[in-house]
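Presented below is the structure to which this report refers.
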Amino acid sequence: MKVGMSYFGCRRSDHIERELRELKARGVDYLVFPLTETDLLFYGDLMHRVFSRAQELGLGVWGPRALSLPLRTLSGGIPPPLWT
């Protein structure tokens, strides 16, 4: 059986590296990355780096990049005021 979990909320790269390694050491096999429009607008590059790093560590990744879909198709949450 594979073990997966969602990973969201952390946008500090120094914490992310440590957390990804810890999750892998604890037996997590894959991560689900829920994203909001704000993530895409302000943290898109960071999120792509996180996806890549997770894969380098041997974690499966479920998110927009892993599915090869445009980022906007899997976004959820409340859009920033500039889009209303």
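The values are calculated or read from the model by the stated rules, or taken from the named source; none is laboratory data. Computed from a predicted model, the values in this text were never measured in an experiment. Reconstructed Cβ throughout: ideal geometry from the backbone, glycine too, with neighbour counts over all protein chains shown.
Please tell me if VAL50 is surrounded by 17 or more Cβ atoms within 10 Å (Cβ to Cβ) and either in a loop (DSSP other than H, G, I, E, B) or in contact with a His (Cβ under 9 Å, 6 or more places away or on another chain) (or both).
Considered against the rule, which asks whether it is surrounded by 17 or more Cβ atoms within 10 Å (Cβ to Cβ) and either in a loop (DSSP other than H, G, I, E, B) or in contact with a His (Cβ under 9 Å, 6 or more places away or on another chain) (or both), VAL50 comes out as no.
Find the residue count for segment 1-47, including only residues that are in contact (Cβ under 8 Å) with a residue 12 or more places away in the chain, in a helix (DSSP H, G or I) and of a type in the set (A, V, I, L, M, F, W, C).
Matching residues across segment 1-47 total 7.
Hey, among LEU74, LEU41, LEU57, LEU46, which residue is at negative phi and modelled with pLDDT of 90 or more?
So the residue among LEU74, LEU41, LEU57, LEU46 that is at negative phi and modelled with pLDDT of 90 or more is LEU57.
When you look at PHE42, is it over 13 Å from the mean Cα position of the chain (by Cα) and not basic (Lys, Arg), yes or no?
yes
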